[in-house]
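Input: a single structure, listed below in C-alpha cells.
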Amino acid sequence: MVKILAQVSSLEEAIRKFALQNALFHHGKAESKAVLGKILAKHPEARASVKSLILEINGIVDEINLRSEAKQTSDLELLAPELLHKKKHEKHMVLPELPNIDTAKTVVMRFAPGPSGPLHLGHTRAIILNNEYVKRYSGKFIVRFEDTNPQNIAPEAYDMIIDDLAWLGVQYHEQYKQSDRFDIYYELAKKLLEQGHAYICTCPVEQWRNLKNNQQACPDRDLLVSEQLERWTRMLAREYDPGMASLVVKTDLAHSNPAVRDFVGMRMVAQPHPLTGDKYYVYPTYNLSVAIDDHLMGITHILRGKDHFNNTHRQKYIYDYFGWPTPEFLHYGWVSLPDMILKTTTIKEGIRSGKYKDWADIQLGTLQALARRGIDPNAIRNYWLDVGIKEVDIEFSWQTLYAFNKVLVDKRANRYFFAWSPVILVITGASSLEGHAPLHPDDPSRGIRKTKLVATATNVDGAETDMGICVMISREDLETMASGDKLRLKDLGNIELTKIDLEQKSYAKYIGNDLSIIKKGVKIIHWVSSSDNYPITVYLPNGKVIKGYCETSAMDDENKIVQFERFGFVNLGREDVPNRSDDSVRTGLVAWFTHK
C-alpha cells in the first residue's frame, strides 16, 4: 500500500513539474497533450491507465494555467529548478554597432513622417531603431515633416504625430517642416541647372518615361543652361500649367536600373497647401528635398527599409553634384503587416461612414488604437529591438508583441471575474457563501476581493419556492455540461449541476470546498454575484462586441489594464451609452480587449 501511494505521489509530482515547465515555454499556458507525452516517456507503466492519467493531467494543467508566469516560475524553481534552466532564454536585444562612426562628430538621425494622419504600427520600426541608436551614441534626433504633397496632408496630423512620439517615449532635439523650406530647395535646384546637372523637361510624361526606359535622352536634356534657367523662371512665374514642365535631375541614362535614370526633382502643383496656401506653385519631389535636407541637417546615418534602395541611388547623385559627404545608408528588410488597417485614406473614409469610431478605434493599427487597447509602448520598442536591422524580410507577429506586452502588464494588472454572455445559476444547499480572491496572485499586499453571497427565495422548478444563491456565469461554460456534472466556482466552492436551462435559470447544489476536486479534472469557472456586479461592454479588435457583467470592484481600476480571468487583459474605461428608458445618455463601463 505504501509503495502504491509513493508511485501516485511521484506521478503527480512529475505531472506538476512538466506542466509548469510547459507553461513557461508557452507564455503561461501549459498544453495537456505535451505534458501527457512527457509523462508517458518518463513513466511508460502509466499507459495502462491513460484515461485516468489524462483526467489527472487536465486538472493540474487547469490549476497551473490560472497562475501568473511569475508564480509558475517560482513554483518550478522550488519543485524542479533543473527544469527551469531548460526554459528558452530571452534574447539579449542589442542592436549592432553603426558603421563608420566618427568620434569627432555627433551622430545625427531622423524620422521623417508625412502628415496625412496619426502614426501607425508600420511607422514604429523606423522611429524606434533610429531613436535607440541616437540614445546609444548620445546623438541628435530630428523629426522632419515631409509635407510637399498638399493633396495628402491633414493639418491636425502634425500635432497627432508629436503626441504619438511622446507616447512611444521618443524625445527629439529638432523639428522641421519641409513646407517652410521651399526657398532653400529653389536655390539649390537653380544651382543644379547652372551646373548642367538638371534640365527643364517639357515633353509629355509618357514620352519622357519611354525615352529613359530605352536609355535615350529627352530632347530638352542638352539645351543651353541659359534656356534651362529661362524655363525655370517661367515655372516659378506660373507660366506653365501643371504637368507641362518639370525639373529633372540628370543621372546615368545607361544605368542598368531604369528607376535610377533621370528623375523628376521639381514639379508644379496647383492645389493650395494646408499651411502655406497658394504661396508656392513649384514643389520639390521626395528625392530632391530629402537629399538636400539630410545634408543641411547634418544627418550622419540613414536607417530605412530596403524598399528605399532606388531612392538611395538617386539621392547619391545629389550628394555627388554638390560635393557633399555621403551619409551612411543602412537598409533593413521588408515587414509585411497582414490583417492590419493602416492606410490613411481607408481609415478616413471608415470614420466618415461610421465604420470606425475615430482614429483610436481598436480595429485599426494606429498608435492611438494600440494605446486604447492597453499595449505598452515599451512592448513595441522591445519587439523592434528583437527584430533588429536584418535585411531578411519578415511578417509582423501579433503573438510576439503580445508576449512582450504580457511581461510588462502582468505584474501591474489586478484580477477580476467577468461573466460574458451571462446566464443565471441558482445554487442550493448553502445559506451563504463567501468568495476570497486575490487582487493579484503574486502580490498579497494588494489585498483580497471578498464577496458575500446570501441565499434568497427563488423559484426552483417552476412551482416550488426554495432558498438559493444566485450567481451569473458565462453561457459557454454550461453549453457543454450536463446535469450531474461537477464544477468548481473559482475561490468560492464546488457545485454539482442539477438542472440546465440556458434561457431561464440553471440550478446546482453546493457540495463543499475541497480543492482536491481539481485533481479529478473538474472544470474551474468564474462567476459574478447576481446582486453585486456592474454591466460592461467589451470591444474586440475584430469589431465584435461582447456584453456581460464584472465585479463591482473593477470600477476602482478605471483607466487601467486589468485581467479578466479566463478571458484576457483589457483596458478599462467609460463611454456614453443610451439609456433604455429615455433618450438621455449615461456613462457606462467599457473595456478594450488587449490580448489573452
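Structure values in brief
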| item | result |
| --- | --- |
| Every pair of residues 6+ apart whose Cβ atoms lie under 6 Å, when the first sits in the stretch 54-65 and is over 22 Å from P441 (Cα atoms) while the second is outside any helix (DSSP H, G or I) | L55/G521 |
| Residue that is under 24 Å from L229 (Cβ atoms), part of a loop (DSSP other than H, G, I, E, B), free of Cβ contacts under 8 Å to residues at least 40 places away in the same chain and out of contact with any Leu (no Cβ under 6 Å at 6 or more places or on another chain), where the choices are A270, A291 | A270 |
| Pairs with Cβ under 9 Å, 6+ apart, first in the stretch 231-258 and over 15 Å from K191 (Cα atoms), second among the polar types (S, T, N, Q) and assigned to a helix (DSSP H, G or I) | E239/T233; N257/N310; P258/N213 |
| The stretch 337-361: number of residues that are within 17 Å of S397 (Cα to Cα) and out of contact with any His (no Cβ under 7 Å at 6 or more places or on another chain) | 5 |
| Lone unmet requirement of (1) of a type outside the set (S, T, N, Q); (2) in contact with a His (Cβ under 7 Å, 6 or more places away or on another chain); (3) touching a residue at least 60 places away in the same chain (Cβ under 8 Å) for A80 | (2) |
| Residues within the stretch 38-52 that are part of a helix (DSSP H, G or I) and within 11 Å of A14 (Cβ to Cβ), tallied | 6 |
| Output for the stretch 525-564, where each listed residue is farther than 18 Å from H440 by Cβ, surrounded by 17 or more Cβ atoms within 10 Å (Cβ to Cβ) and either not assigned by TED's automatic domain parsing to the domain that holds I469 or not polar (S, T, N, Q) (or both) | I525, W527, V528, I536, V538, Y539, P541, G548, Y549 |
| Qualifying residues in the stretch 391-426 (those that are under 21 Å from the mean Cα position of the chain (by Cα) and under 14 Å from R125 (Cα atoms)) - the one surrounded by the most Cβ atoms within 10 Å (Cβ to Cβ) | L401 |
| Any pair with Cβ under 6 angstrom, 6 or more apart, that starts in the stretch 155-176 at a residue that is closer than 26 Å to T106 by Cα and ends at one that is of a type in the set (F, W, Y) and assigned to a strand (DSSP E or B) | Y172/F141; H173/F141 |
| Search result, residues across the stretch 427-436 that are crowded, with 21+ Cβ neighbours inside 10 Å and either under 34 Å from the mean Cα position of the chain (by Cα) or of a type in the set (S, T, Y) (or both) | none |
| Residues that are closer than 10 Å to L425 by Cα and surrounded by 15 or more Cβ atoms within 10 Å (Cβ to Cβ), drawn from the stretch 479-504 | L497, I500 |
| Selection count where residues are part of a helix (DSSP H, G or I), out of contact with any Asp or Glu (no Cβ under 7 Å at 6 or more places or on another chain) and of a type outside the set (S, T, Y), scope the stretch 13-37 | 14 |
| Residue check, I347 more than 30 Å from R475 (Cβ to Cβ), β-branched (V, I, T) and not in a strand (DSSP E or B) | yes |
| Hits in the stretch 23-35 - residues which are surrounded by fewer than 23 Cβ atoms within 10 Å (Cβ to Cβ) and either under 14 Å from E82 (Cα atoms) or not aromatic (F, W, Y) (or both) | L24, H26, H27, G28, K29, E31, S32, K33, A34 |
| Condition met for D320 (touching a residue at least 12 places away in the same chain (Cβ under 8 Å) and either outside any loop (DSSP other than H, G, I, E, B) or touching a Ser or Thr at 6+ places or on another chain (Cβ under 6 Å) (or both)) | no |
| So I362, is it under 21 Å from G573 (Cβ atoms), β-branched (V, I, T) and not in a helix (DSSP H, G or I) | yes |
| Those residues of the stretch 133-150 which are among the acidic types (D, E) and surrounded by fewer than 20 Cβ atoms within 10 Å (Cβ to Cβ), in sequence order | E146 |
| Every residue from the stretch 542-568 that is assigned to a strand (DSSP E or B) and either of a type outside the set (S, T, Y) or free of Cβ contacts under 8 Å to residues at least 40 places away in the same chain (or both) | V545, I546, K547, G548, C550, E551, I561, V562, Q563, F564, G568 |
| Any pair with Cβ under 8 angstrom, 6 or more apart, that starts in the stretch 186-204 at a residue that is among the acidic types (D, E) and ends at one that is part of a helix (DSSP H, G or I) and surrounded by fewer than 21 Cβ atoms within 10 Å (Cβ to Cβ) | E194/V225; E194/L229 |
| Whichever residue in the stretch 301-347 is of a type in the set (D, E) and under 30 Å from the mean Cα position of the chain (by Cα) and, among such residues, is farthest from R125 (Cα to Cα) | D339 |
| Residue count, the stretch 499-515 (criterion: touching a residue at least 60 places away in the same chain (Cβ under 8 Å) and more than 41 Å from the chain's Cα centre (by Cα)) | 5 |
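To keep it simple, each residue is scored yes or no on (1) more than 25 Å from F567 (Cβ to Cβ); (2) in contact (Cβ under 8 Å) with a residue 40 or more places away in the chain.
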{"residue": "A360", "(1), (2)": "no, no"}
{"residue": "A371", "(1), (2)": "no, yes"}
{"residue": "R381", "(1), (2)": "yes, yes"}
{"residue": "L385", "(1), (2)": "yes, yes"}
{"residue": "S397", "(1), (2)": "no, no"}
{"residue": "F417", "(1), (2)": "no, yes"}
{"residue": "V423", "(1), (2)": "no, yes"}
{"residue": "S431", "(1), (2)": "yes, no"}
{"residue": "G435", "(1), (2)": "no, yes"}
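Every residue, every condition in (1) at pLDDT below 95; (2) among the β-branched types (V, I, T), yes or no:
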site: E227; (1), (2): no, no
site: W232; (1), (2): no, no
site: P274; (1), (2): no, no
site: S289; (1), (2): no, no
site: I292; (1), (2): no, yes
site: L296; (1), (2): no, no
site: I299; (1), (2): no, yes
site: D307; (1), (2): yes, no
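The values are calculated or read from the model by the stated rules, or taken from the named source; none is laboratory data. Here the structure is a predicted model, which is why all the values come from computation and not from measurement. Cβ sites come from the backbone with ideal geometry, for glycine too, and all protein chains shown count toward neighbours.
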